[in-house]
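The values are calculated or read from the model by the stated rules, or taken from the named source; none is laboratory data. This is a predicted model, so every value here is computed, not measured. Positions of Cβ are backbone-derived with ideal geometry, glycine not excepted, and every protein chain shown enters the neighbour counts. Ligands, DNA and RNA are stripped out before the accessible areas are found, and what is left, the full protein with its side chains, is counted by its heavy atoms. Shrake-Rupley method; radii C 1.70, N 1.55, O 1.52, S 1.80 Å.
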Amino acid sequence: MKIVFLDRETISPRTHVRRPAFDHEWVEYPRTGPAEAAERLRDADVAIVNKVRLTADVLAQAPRLRLIAVAATGTDNIDLAACQARGIVVSNIRGYATHTVPEHTFALIFALRRSICAYRDAVRAGRWQQADQFCFFDHPIRDLADSTLGVVGDGALGQSVAAMGRALGMRVLISGHKGRTGQGRLYTPFEQTLQQADVLTLHCPLNDRTRNMIAAPEFAQMERSPLLVNTARGGLVDESAVGPALDAGQISGAAFDVTSVEPPPADHPFMALLDRPNFILTPHVAWASAEAIQALADQLIDNIEAFVASRPTNVVEPRA
């Protein structure tokens with residue numbers, strides 16, 4: 001059995017990726033470009049992939065391929081319908097990021113709510129000496145206790161973030177789906193969440209329903225000028241609308257760990273915001289604690305071994 005890992009560099013070099021406990025040939029590439037995927041998978045039985053796009057055309061040129069083991073949770077880079085048509089099983093990683101993503105989310109929230117980066121930069125620029133007293137008050141500092149946290153997405157990550165918010169004394173709203181009503185008393189309608197939140201954090205998948213779910217009209221509904229945090233997927237927010245929303249005071253700050261194109265090009269709207277004290281951009285690393293990446297790598301090989309043992313796990317079905 002030949003196993004081909006198309007983009008090993010998407011997992012930290014400090015992470016140990018054990019080899020499966022059955023006879024196999026292991027081939028790995030640091031990265032794979034769009035034009036290289038078909039050739040590299042031509043005689044593969046198992047493909048390991050994180051971000052490489054596997055289209056119907058690529059899959060058609062891989063006649064032996066029987067398993068795509070995705071080294072991530074998201075599978076929007078895989079043509080699932082084509083996989084189903086060709087009898088290719090797709091497995092993904094689940095439940096590995098329930099600590100790392102919520103912790104990163106709250107690191108961003110704390111940094112914005114207490115102007116941590118702004119004060120660090122001010123100290124670096126000599127502002128403390130200029131103040132000529134024990135402290136200075138150039139940037140706002142707000143507590144999280146007694147504020148309202150709006151959580152969009154009620155999966156494991158959203159629920160973990162909600163639990164952290166409650167532990168900090170925040171009132172938590174779990175948002176209902178945009179454009180839907182009647183989801184029950186545990187959910188707050190999406191528009192109401194926008195209006196009441198002091199902090200709004202996104203933990204939902206990217207699909208046709210959620211793409212650009214927050215854009216200029218939604219920013220206009222944010223009555224409390226909340227912080228906006230996205231550690232989920234690029235494309236959930238209209239990125240060109242974030243700067244104007246900051247300018248208008250519709251949001252008091254924004255932090256993103258993801259962008260619609262990664263890495264963002266030099267002309268991406270976020271690149272013009274990097275010097276602002278109330279904007280933070282991190283390079284898609286919310287998932288990347290040492291503990292989480294090791295758990296991901298272990299589960300990745302578990303999925304492959306389970307498939308070979310005719311017990312496929314974490315199987316991803318085509319979207320309806």
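Note on segment 1-123: percent of Cα-Cα distances in each 5 Å bin, starting at 0 and stopping at the bin with the largest distance, equals 2, 10, 17, 19, 15, 10, 7, 7, 5, 4, 3, 1, 0. The region of the chain that goes longest without hitting one of the trypsin sites (Lys or Arg not before Pro) in a DSSP loop, each with at most 11 other Cβ atoms within 10 Å, is 19-179.
Ligands, DNA and RNA excluded, the heavy atoms of TYR119 present near 40 Å² of accessible surface to a 1.4 Å solvent probe. What shape does segment 199-273 take by its C-alpha gyration tensor, where a ≥ b ≥ c are the square roots of the eigenvalues and a/c under 1.5 counts as rounded, a/b above b/c as prolate, and the rest as oblate? It is oblate, given that a/c is not under 1.5 and a/b is not larger than b/c. Nonpolar atom fraction for the chain, defined as the carbon and sulfur part of the 1.4 Å probe accessible area, stands at 52 percent. Annotation: amide H-H contacts under 5 Å for PHE5 (H modelled 1.01 Å from N, sequence separation of 5 or more, or interchain): VAL27, GLU28, TYR29, ILE48.
At the residue level, MET213 shows approximately 10 square angstrom of accessible surface with a 1.4 angstrom probe and all protein chains present. Distances between placed amide hydrogens fall under 5 Å for VAL172 paired with LEU149, all partners being 5 or more residues away or on another chain.
Pairs of Cα atoms nearer than 8 Å and 6+ residues apart set the relative contact order; for segment 152-197 it is 31 percent. Across segment 81-207 the C-alpha pair distances fall into 10 Å bins from zero in the proportions 11, 31, 25, 19, 10, 3, 1, 0 percent.
Under 5 Å from the amide H of VAL90 lie the amide H atoms of ILE68, VAL316, each residue being 5 or more positions distant or on a separate chain, with H modelled from the backbone and absent for Pro and chain starts. In order along segment 243-251, the phi-based Karplus estimate (6.51 cos²θ - 1.76 cosθ + 1.60, θ = phi - 60°) of 3J(HN,Hα) comes to x, x, 5, 5, 4, 7, x, 5, 10 Hz; Gly and Pro are listed as x. Fully extending the segment from ASP132 to ARG94, taken as 0.36 nm per residue of separation minus the present Cα-Cα distance, adds 8.4 nm.
For segment 193-206, backbone phi angles converted through the Karplus equation (6.51, -1.76, 1.60; θ = phi - 60°) give residue-by-residue couplings of 4, 4, 6, 9, 6, 8, 9, 10, 10, 9, 9, 10, x, 9 Hz, Gly and Pro being listed as x. Helices assigned as whole DSSP H runs in the chain whose Cα atoms extend at least 15 Å along their own long axis and whose mean Kyte-Doolittle hydropathy is 0.0 or higher are found at 100-113, 156-167, 290-308.
What Kirkwood hydrodynamic radius do you get for the chain when you take the inverse of the mean 1/r over all pairs of distinct Cα atoms, in Å?
Kirkwood radius, the chain: 21.4 Å.
Taking every protein chain into account, the accessible area of segment 52-175 amounts to 48 square angstrom per residue (probe 1.4 Å).
With the helix formula -39500 (n - 2.57) applied to DSSP H stretches of n ≥ 4, the chain reaches a computed 222 nm mean residue ellipticity of -8000 deg cm²/dmol. Couplings for segment 19-33, taken from phi via the Karplus curve 6.51 cos²θ - 1.76 cosθ + 1.60 with θ = phi - 60°, read 8, x, 8, 8, 4, 6, 10, 10, 10, 9, 10, x, 9, 9, x Hz in order; Gly and Pro are left as x. Reported to the nearest whole Å, the Cα centre-to-centre distance from segment 130-171 to segment 222-272 is 18.
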